[in-house]
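Here it is, the structure, as structure tokens.
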């Protein structure tokens, strides 16, 4: 749990910060993805808000339950990791279909896609025991 805890904190707090700065419009234009001003792409980006906030909620809830020594923390962690994987997969799929290979967007989304893979098997095994 120690390593997972750090991943949850970085990802969950990172999502909250990302959406706050996106809402406030403080990301410089040179860091925005291609065609950011296109209403369809803007809507696509905002469509991740509920998913990302659910990731943050379930991950932070898992950490809270772990501190309270409640075994159900594992179920919350699995939900958070699964949603995180899905968020990364959706974004990478989109960028691949667009053939837009900007590393500044691929790297964070590949991270979201891949890091859960290292924790899901062990948590799933513990849940089934």
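The values are calculated or read from the model by the stated rules, or taken from the named source; none is laboratory data. Just so we're clear, the structure is a prediction, and the values are computed from it rather than from any experiment. For neighbour counting, all protein chains shown are included, and Cβ atoms are generated from backbone atoms with ideal geometry for every residue, glycine included.
Starting from segment 64-79, take each residue that is surrounded by fewer than 17 Cβ atoms within 10 Å (Cβ to Cβ) and list its partners that are in a helix (DSSP H, G or I) and at pLDDT below 95, counting only C-beta distances under 9 angstrom and pairs at least six apart or across chains.
Hits for this filter: 75/123; 75/127.
Among the helices (runs of 4 or more DSSP H) lying completely within segment 13-109, list those that include at least 3 residues that are under 18 Å from residue 119 (Cβ atoms).
Per the criteria, 49-67, 73-98.
How many residues are in a helix (DSSP H, G or I) and either out of contact with any helix residue (DSSP H, G or I) (no Cβ under 8 Å at 6 or more places or on another chain) or surrounded by 15 or more Cβ atoms within 10 Å (Cβ to Cβ) (or both) if we restrict to segment 115-129?
From segment 115-129, those in a helix (DSSP H, G or I) are 115-128; that's our starting set.
Cutting the leftovers down to either out of contact with any helix residue (DSSP H, G or I) (no Cβ under 8 Å at 6 or more places or on another chain) or surrounded by 15 or more Cβ atoms within 10 Å (Cβ to Cβ) (or both) gives us 115-116, 118-123, 125, 128.
Residues in segment 115-129 being in a helix (DSSP H, G or I) and either out of contact with any helix residue (DSSP H, G or I) (no Cβ under 8 Å at 6 or more places or on another chain) or surrounded by 15 or more Cβ atoms within 10 Å (Cβ to Cβ) (or both): 10 in total.
Filtering segment 4-33 down to residues that are under 16 Å from residue 76 (Cα atoms) and touching a residue at least 40 places away in the same chain (Cβ under 8 Å), which residue is surrounded by the fewest Cβ atoms within 10 Å (Cβ to Cβ)?
Ranking the candidates gives 9 first.
Looking only at segment 99-114, how many residues end up being surrounded by fewer than 19 Cβ atoms within 10 Å (Cβ to Cβ) and touching a residue at least 40 places away in the same chain (Cβ under 8 Å)?
Of the residues in segment 99-114, 4 are surrounded by fewer than 19 Cβ atoms within 10 Å (Cβ to Cβ) and touching a residue at least 40 places away in the same chain (Cβ under 8 Å).
Continuing with the same structure: Of everything in segment 80-98, what is closer than 17 Å to residue 47 by Cβ and loosely packed, with under 12 Cβ neighbours inside 10 Å? Give them in sequence order.
Correct list: 97 only.
Same structure again: What's the number of the only condition in (1) surrounded by 13 or more Cβ atoms within 10 Å (Cβ to Cβ); (2) without any contact (Cβ under 8 Å) to a residue 12 or more places away in the chain that residue 51 fails to meet?
(2)
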